[in-house]
Amino acid sequence: MVLDDLAHRWNKRFKKGAGFYKIIMTDVDSHQILLAKPTTFMNNSGVSVGDISDRYGVELNRFLIICDDLNLPLGRIRFRIKGSHGGHKGLASIIDEVGTNEFPRLRLGIGFNDDTESSEYVLSDFLFAELPVVNQMIETGSRAVVDFVTKGIDWTMNVYNV
């Protein structure tokens, strides 16, 4: 949702990439950005990350993996420089593919309803009453991505991890 928001703001459209992903390449404040959305199932996201790293020569510390997080309250965002997958199958796939957990990530809090299986919960739509918080999180996440690119991870963590 954050990548779609950025594409909309920049008036860009995702195009089929060379691998299992859709991409946008653009410049923001003289920084080249490649946005990529895997077209594999989330559990195989690592295939796309590995391919992009190899094909475009992007070092892992220049990636920003954006993912949902059941353990953060709805609407909260958090940057990390590295870390475990924490049960997130997409992050586990990336770690397995690239052989390290040392890559930046932006975690977007989706909360969790204990009355639902986690796999069912992450695949369900947000409730109508949650949409204002979700929309604000997406807007903040979009700004945070640009700040990550233009100002670096340390600055971005200090501003957004509050």
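Just so it is clear, none of the values below were taken in a lab; they were calculated from the coordinates. If you're wondering where the values come from, they're calculated on a predicted model, not measured in any experiment. Cβ atoms come from the backbone with ideal geometry, glycine included; neighbour counts cover every protein chain shown.
Worth a mention:
- Only Lys, Arg (+1) and Asp, Glu (-1) charged, at Cβ; segment 2-160 dipole about Cα centre in debye: 580
- Per-q log10 I(q)/I(0), the chain, q = 0.12, 0.19 Å⁻¹ (Debye; single scatterer per alpha-carbon; no solvent): -0.52, -1.43
- Taking the DSSP bridge list for the chain and keeping only pairs wholly inside it, about 75 percent are antiparallel.
- Each of Val49, Trp10, Ser30 was scored by the projection of its Cα onto the charge dipole of segment 2-160, and the greatest displacement toward the positive side belongs to Ser30; charges sit on the C-beta of Lys, Arg, Asp and Glu.
- In segment 50-139, the GluC sites (Glu not before Pro) that fall in loop regions by DSSP, at most 12 other Cβ within 10 Å: Glu59, Glu102, Glu117
- Coil-residue trypsin sites (Lys or Arg not before Pro) of segment 18-96, DSSP, other Cβ within 10 Å capped at 14: Lys82
- Put in line by how crowded their Cβ is, counting other Cβ atoms within 10 Å and starting with the fewest, Tyr56, Tyr160, Tyr21 read Tyr56, Tyr160, Tyr21.
- Cross-link table Lys15/Lys82; Lys16/Lys151; Lys22/Lys89; Lys37/Lys82; Lys37/Lys89; Lys37/Lys151, entries beyond 25 Å C-alpha to C-alpha: Lys15/Lys82; Lys16/Lys151
- Dipole axis of the chain (+1 Lys, Arg; -1 Asp, Glu on Cβ), positive-most option in Gly111, Tyr21, Leu127: Tyr21
- Relative contact order for segment 60-159: 36 percent, from Cα pairs under 8 Å spaced at least 6 residues apart, divided by residue count.
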